[in-house]
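Reading through the structure tokens given below for one structure.
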Amino acid sequence: MTRILIADDKAVNRRMLKSMVEEMGMESIEAHDGEEACNILKREDAPQIVLLDWIMPKLNGLEVCRRIALERSQSQKYRYIILVTSKDKDDEISEGFLAGADDYITRPFNRNELRMRLSVGVRIVQMQRDLLKLLHWDPLTNALNRRAALERLDEEIKRSTHSHSPLSIAMLDIDHFKQINDTHGHLVGDMVLKEVVTRIFHSVASYDLIGRYGGDEFILLFPNTKLTDATLTCNQIKNSFSHNPITSAELTLFVTVSIGVTSHNNQAALADTLIHHADDALYKAKRQGRNQVYKFPLM
């Protein structure tokens, strides 16, 4: 369900907008002033569409617009802003757009006008979601793409260094994947890649991250996880393949994976260093016969 933030210091205006929004099958959240609106929009589950009164105490609508626009440029969080105002002069409307508003509606307005404005906002928000998905997710497997995974790794390294919390990463490679493509074709290879990610998702915690590093190689990020615990999880992932073949209507495939795992030592290590250590462990797992998990430092 689409969620709308209604920011207005007048209770009668909030009630009217709330009634209109909920008639359209949307959920509303209310803010009594600009400062409260900004605090609500900082939440992870904040609405992406904002009905924003221009004249409010603490922070007015333009100031809220500017803060949302700044956050948008820094974090790629998109909010569609509709200014609700009695101002209708061209220079005033231009000022609203320059502050970061996407649309405006002037009082008094009717339900049909609001419905049309909101329907445009809903479409644009969905387009933004689709665009972000293309930018961040691998379309075949629904894992993070390489660029997004490396960005998240940099973020997790900074968080680990700052908070002195553990962080582990792993590199996973499908054993003999080229043979699968050569023998059964790329459609079967694609099926295997998707099943690999599905089984990894079933083995890791909800806050762990999976990225497609390239081809049949994946990077796994384990925030707040020590090396011993991450190694246990990686063995569970490995066993989910070695103990259960991948099956389809046409064939049964026995697929195994090799994994190298390492951890961040709470110093300002570079992402490249961690990946290099995990790769060293991965290569040892492959040299030792595949279908194994090795951790760095190598023993």
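Every read-out reported here was derived from the displayed coordinates using simple, explicitly stated rules and does not represent laboratory data. Given the structure is predicted, the values throughout are model-derived calculations rather than measurements. Please note: Cβ atoms are built from the backbone with ideal geometry, for glycine as well, and neighbour counts cover all protein chains shown.
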Next item on the list: May I ask for the net charge around residue 55, where only other residues with Cβ less than 12 Å from the Cβ of residue 55 are counted and Lys, Arg are +1 while Asp, Glu are -1?
Entry: -2
Notebook entry, point to check: Which FRET efficiency, nearest 0.05, do residue 158 and residue 181 yield, Cβ-Cβ r, R0 41 Å?
Noted result: 0.60
Next item on the list: Would you work out which of 122, 17, 32 lies farthest towards the positive end of the dipole of segment 3-136, given +1 charges on the beta-carbon of Lys and Arg and -1 on that of Asp and Glu, about the Cα centre?
Entry: 122
Item checked: Geometric extent, Cα atoms of segment 146-295 - Rg, Dmax (angstrom) -> 15.3, 51
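Tell me whether segment 3-136 comes out rounded, prolate or oblate; compute the Cα gyration tensor, take square roots of the eigenvalues as a ≥ b ≥ c, and use a/c under 1.5 as the rounded threshold. Numbers along the way, then the final one.
Details: a/c = 1.38, a/b = 1.22, b/c = 1.14.
It is rounded, given that a/c, with a ≥ b ≥ c, falls under 1.5.
Which entries in the list 158/226; 158/295; 77/238; 89/133; 18/58; 133/226 go over 28 Å, if you measure between the two C-alpha atoms of each? Spell out each step's value before the answer.
On the way: 158/226 16 Å; 158/295 22 Å; 77/238 36 Å; 89/133 38 Å; 18/58 22 Å; 133/226 30 Å.
Checking Cα-Cα distances, 77/238; 89/133; 133/226 exceed 28 Å.
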Checklist line | Most positive-pole-ward Cα, 203, 293, 177, against dipole of segment 146-295 from beta carbon charges | finding: 293
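Taking the Cα centre of the chain as origin and charging only Cβ (+1 Lys, Arg; -1 Asp, Glu), how large is the dipole, in debye to the nearest 20? List each step's numbers first, then the result.
Details: 38 positive and 41 negative charges, 94 e Å.
With only Lys, Arg, Asp and Glu charged at Cβ, the dipole is about 460 debye.
Kindly provide the helix-only [θ] at 222 nm of the chain, computed as the sum of -39,500 (n - 2.57) over DSSP H runs of four or more divided by all residues, to the nearest 500 deg cm²/dmol?
Values: 10 runs with 149 residues, N = 299.
So the calculated ellipticity at 222 nm is -16500 deg cm²/dmol.
Let me spell out the model: positive unit charges on the Cβ of Lys and Arg, negative unit charges on the Cβ of Asp and Glu, origin at the Cα centre of segment 146-295. What dipole size does that give, in debye rounded to 20?
Values: 16 positive and 17 negative charges, 56 e Å.
The dipole of segment 146-295 has a size of about 280 debye.
Can you give the translational diffusion coefficient of the chain in µm²/s, computed by Stokes-Einstein from the Kirkwood radius over Cα pairs at 20 °C and 1.002 mPa s? It would help to have the intermediate numbers written out before the result.
Working: Rh = 22.2 Å.
Estimated diffusion coefficient is 96 µm²/s.
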Item checked: Cβ-based charge dipole, the chain, positive-most Cα from 141, 5, 68 -> 141
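For residue 202 and residue 247 in one chain, what is 0.36 nm times their gap in residues minus the Cα-Cα distance, to one decimal in nm? Spell out each step's value before the answer.
On the way: separation 45, 0.36 × 45 = 16.20 nm, distance 1.71 nm.
Length gained, residue 202 through residue 247: 14.5 nm.
So, counting K/R as plus one and D/E as minus one, what does the shell of residues with Cβ under 12 Å around residue 293 add up to?
Details: positive: 238, 284, 286, 290, 295; negative: 173.
My count for the surroundings of residue 293 gives +4.
Taking segment 1-57, which GluC sites (Glu not before Pro) meet the DSSP loop condition and have no more than 16 other C-beta atoms within 10 Å?
Working: sites: 22, 23, 27, 30, 35, 36, 44; in loops: 44.
Filter output for segment 1-57: 44.
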Note to self: Could you compute the net charge surrounding residue 275? Neighbours are other residues with a C-beta less than 12 Å from the C-beta of residue 275; K and R count +1, D and E count -1.
What the structure shows: -4
